[in-house]
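Notes follow once the structure below has been shown.
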Amino acid sequence: MSALSPTLTLRRSRRRARVWHGVMVYALLAILLAFSLLPIYWLLATSFKTRFDIFANPGQFFPFPFTLHAYQQVLSDPHFLTYFKNSLIVNLATSLITVALALLAGYSFSRFRFRGNQALLLFILATQMFPSAVLLLSLYILFRQLHLLNTYPALIISYVTFGLPFSIWMMKGFADGVPEEIEQAAMIDGCSRMQALLRVVVPMLVPGMIAVALFSFLAGWNDLMWSLTLTSSTSMRLIPPGFILTYVGQFQTYWNQLMAGSVLVSIPTVAVFTLLQRYLVQGLTSGGVKG
Amino acid sequence: MMRERAFLIGTIFPALAVIGFVVLYPLVRSVSFSLTNYNLIFGTHSFDGLQQFSSLFSDPTFYTALLNTLLLSIGPMLAAFVLGFAQALVLNQAIRARSFFRGLALLPWVIPQVVVAYLFRFMFNQSVGVVNVVLKGLGLIAHSLPWLALPHSAPWVVGLIYAWNEVPFFMLMLLAGLQSLSGDVLEAALVDGATPVKQFFYIIVPGLRRIITISTVLIVIWNFNNFTLIWPTTHGGPVNATTTFAVWVYVQAFENFNIGYAAAIGVIWLIFLLVLTFFYLRAVSGSEQ
């Protein structure tokens, strides 16, 4: 057998190296994703199990018998549906208000330079970092005096501030990307600045508005402490406190129902995120990456 | 000119008003509560000077909560940073269906935190938890342990929950950063014979320095404030083993109704956060120029 020509050997070893590299990359990807995804698999699998199997066979990997019983139980629980409705109302309202406020403020911070504007922007961002339990302490007492406990407005105005500071920064970032000539042309044509903003600039800021809506929705949907404190009646309760107070008994916990409920309350955030993730990524990194 | 000024004020004021009402006003009021003996159960509410602070500094729980808050803010952040960076580096390779895998990797961050808390509480449960089943199967433990009820293991489990939840955030930020690095520089380094390790430490890490600072400080701040991941899992227990400032303020304010004391804890907590926030803002604004 004659020896292979040197170039062929080289090409082969290169290709082999590339194949190896590919195998390594996918193997690493699998290991790293397993860390993130195994608990989520367990959440899903448990939600399709019977209560008996969870106790009798805690290591059962595939749900067998596979049952939707836990989902039926959760979905026929009127309390769960009330909590879900309350969470949707509060968080959708929060999103809308945050988008409106952040759009106006972010646009102006992008277009106007005034004394202290940089300091004001940094100050707004700093408010996002204040310890929320400390704020809640005083707001709880204020809302109690104003008879606003157990109402939507108390929750909504609180939730708006969760995402607003960061949202103003995101909107400013997006508005910086829209050339000023566009609204100047509209203003020469006789539009007021507000008309120019609404008719010409807003359509170009849609990705930013989606990012802000999503960010503020997720921030509110995640809250536990505020909703636990500001509501006490079952009819006004949101999902996170509802979870604590419904499925986790002192003596027994309905794990399959808890997991089925978990899957159901994760659907809105996962769905919204999957559809719109590129806008959020763009928004979150607009301030962080550039520069 | 007048119109422009009216427009500017009219657009910025609504946002500032909301922030003032929900953030600034309560902040000032809470600080003033810390100087009183305000208690909703005893009905006391009078000026008390620095009395709350002196009881606070002689309360052993204060030092426990401080240590727990610091450890739980920084430890899980480091673990999540390493794992998130690894995920970002792998996802930055030429792989098929990258956005699909990125979407999967994001799931731990997208599902609500209260769901995360209960999921881990279930997995670490003594009688029905899968962690005990696996560890027994591997022969690492002889019998099932109540992980979240033991003072030695509960902080580690809570730390694991934090880390698991925030890996995707690091992945997302660092992947975006990697994709913004110029390919030319990386290729030039390869041609010059830089090993991947050298390339990583001399080109990638310096190139991402700003995004690394911002995302790590942000996560530390979020961990400092976290309540949702701890409360449903341990309530700060067993015996304060996982009590952080967030949990402690909540307990003092809304279970003991000891408003003055809770406010005093809050003031100390706030001072720590202001220091962190200073570093964060410096990183954010330093890059604007």
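The values are calculated or read from the model by the stated rules, or taken from the named source; none is laboratory data. Remember, predicted model here, so these are calculated numbers, not experimental data. When we count neighbours, we look across all protein chains shown, and the Cβ atoms used for this are built from the backbone with ideal geometry, even at glycine. Side chains included, ligands, DNA and RNA excluded: accessible areas come from the protein's heavy atoms. Shrake-Rupley method; radii C 1.70, N 1.55, O 1.52, S 1.80 Å.
Annotation for segment B:3-95: chymotrypsin sites (Phe, Trp or Tyr not before Pro) lying in DSSP loop with at most 10 further Cβ atoms inside 10 Å of their Cβ are B:Phe42. Judged by the gyration tensor of its Cα atoms, with axes a ≥ b ≥ c, segment A:97-221 is prolate; a/c meets the 1.5 cut and a/b is the larger of a/b and b/c. Residues of segment B:238-277 that bury at least 50 Å² of accessible area when the other protein chains are present, relative to the chain alone (probe 1.4 Å, heavy atoms, ligands and nucleic acids excluded): B:Tyr250, B:Phe254. The C-alpha radius of gyration of segment B:178-236, expressed as a fraction of 2.2 N^0.38 Å, stands at 1.76.
If you bin all the Cα-Cα distances of segment B:159-207 at 10 Å, starting from zero, the percentages per bin are 23, 40, 25, 11, 1.
Its DSSP H runs of at least 4 residues, each contributing -39,500 (n - 2.57), put the calculated 222 nm mean residue ellipticity of chain B at -22000 deg cm²/dmol, to the nearest 500. If you wrap segment B:27-170 in the convex hull of its Cα atoms and look at it from every side, the mean projected area works out to 13.7 nm². When all protein chains stay in place and ligands, DNA and RNA are ignored, the 1.4 Å accessible-area order of A:Ile267, B:Ile265, A:Ile156, largest first, is A:Ile267, A:Ile156, B:Ile265.
Inter-chain neighbour count for B:224-232: the average number of beta-carbon atoms from partner chains within 10 Å of each residue's beta-carbon is 5.
Here the relative contact order of chain B, from alpha carbon pairs under 8 Å that lie six or more residues apart, stands at 29 percent.
Accessible surface ranking for B:Trp156, B:Trp269, 1.4 angstrom probe, highest first: B:Trp156, B:Trp269.
Farthest toward the positive end of the dipole of the protein assembly as shown, out of A:Trp20, B:Ile268, B:Phe227, is the Cα of A:Trp20, where the dipole comes from beta carbon charges about the Cα centre.
In this structure the amide hydrogen of B:Thr44, modeled in the peptide plane, comes within under 5 Å of the amide hydrogens of B:Asn39, none closer than 5 places in sequence on its chain. The alpha carbon centroids of segment A:58-95 and segment A:156-235 are separated by 30 Å. Its relative contact order, with pairs defined as Cα atoms under 8 Å and 6+ residues apart, puts segment A:143-266 at 30 percent. Counting, for every residue in B:26-35, the Cβ atoms of other protein chains within 10 Å of its Cβ and taking the mean gives 5.
Normalised by the number of residues in segment A:70-288, the average gap of Cα pairs under 8 Å and 6 or more apart makes the relative contact order 35 percent. At full extension, A:Ser232 and A:Gln72 could sit 55.0 nm farther apart than now, given 0.36 nm per residue minus the alpha carbon distance. By the combined test of axial Cα extent (at least 30 Å) and Kyte-Doolittle hydropathy (mean at least 0.0), the qualifying DSSP H helices of chain A come to A:6-47, A:78-111, A:152-176, A:255-288.
Cross-link partners for A:Lys172 among the aspartates and glutamates, with Cα-Cα distance under 14 Å and sequence neighbours closer than 8 places in the same chain left out: A:Glu180, B:Glu288. Using just its DSSP H runs of length 4 or more, each adding -39500 (n - 2.57), chain A gives a mean residue ellipticity at 222 nm of -25000 deg cm²/dmol after division by all residues. Would you mind classifying the protein assembly as shown by shape? Square roots of the alpha carbon gyration tensor eigenvalues, ordered a ≥ b ≥ c; an a/c under 1.5 is rounded, otherwise it is prolate if a/b is larger than b/c and oblate if not. It is oblate, given that a/c is not under 1.5 and a/b is not larger than b/c. Ranked by solvent-accessible area (1.4 Å probe, protein heavy atoms only, all chains present), the residues A:Lys172, B:Lys136 order from largest to smallest as B:Lys136, A:Lys172. Of A:Phe162, B:Gln113, A:Ser233, which is farthest on the positive side of the dipole of the protein assembly as shown, counting Cα position, with +1 on Lys and Arg Cβ, -1 on Asp and Glu Cβ, and the Cα centre as origin? With unit charges placed on the Cβ atoms, the residue in question is B:Gln113.
Between A:Val23 and A:Thr9, the modelled label-to-label distance comes to 2.1 nm, taking each label 7 Å out from Cα in the direction of the beta carbon. Modelled this way, with points 7 Å down the Cα-to-C-beta line, the labels at A:Arg115 and A:Val202 are 3.4 nm from one another. Summed over both chains, the contact between A and B buries some 8600 Å² of accessible surface at a probe radius of 1.4 Å.
Remark: the protein assembly as shown carries a charge dipole of roughly 1300 debye about the Cα centre, counting +1 on each Lys and Arg Cβ and -1 on each Asp and Glu Cβ. Derived scalar couplings between HN and Hα for segment B:98-108 equal 4, 5, 5, 5, 4, x, 4, 5, 7, 3, x Hz in order, rounded to whole Hz, by the Karplus curve 6.51 cos²θ - 1.76 cosθ + 1.60 (θ = phi - 60°), x for Gly and Pro.
Taking a ≥ b ≥ c as the square roots of the eigenvalues of the Cα gyration tensor of chain A, is the shape rounded (a/c under 1.5), prolate (a/b larger than b/c) or oblate? Here chain A falls in the oblate category. One compactness figure for segment A:28-181 is 1.54, namely its Cα radius of gyration divided by 2.2 N^0.38 Å. For the segment A:155-166, counting C-beta atoms of other chains within 10 Å of every residue's C-beta and taking the mean gives 3. In chain A, the sites counted are chymotrypsin sites (Phe, Trp or Tyr not before Pro) in DSSP loop states with at most 16 other Cβ atoms within 10 Å, and the longest stretch holding none of them, exclusive of the sites, is A:115-250.
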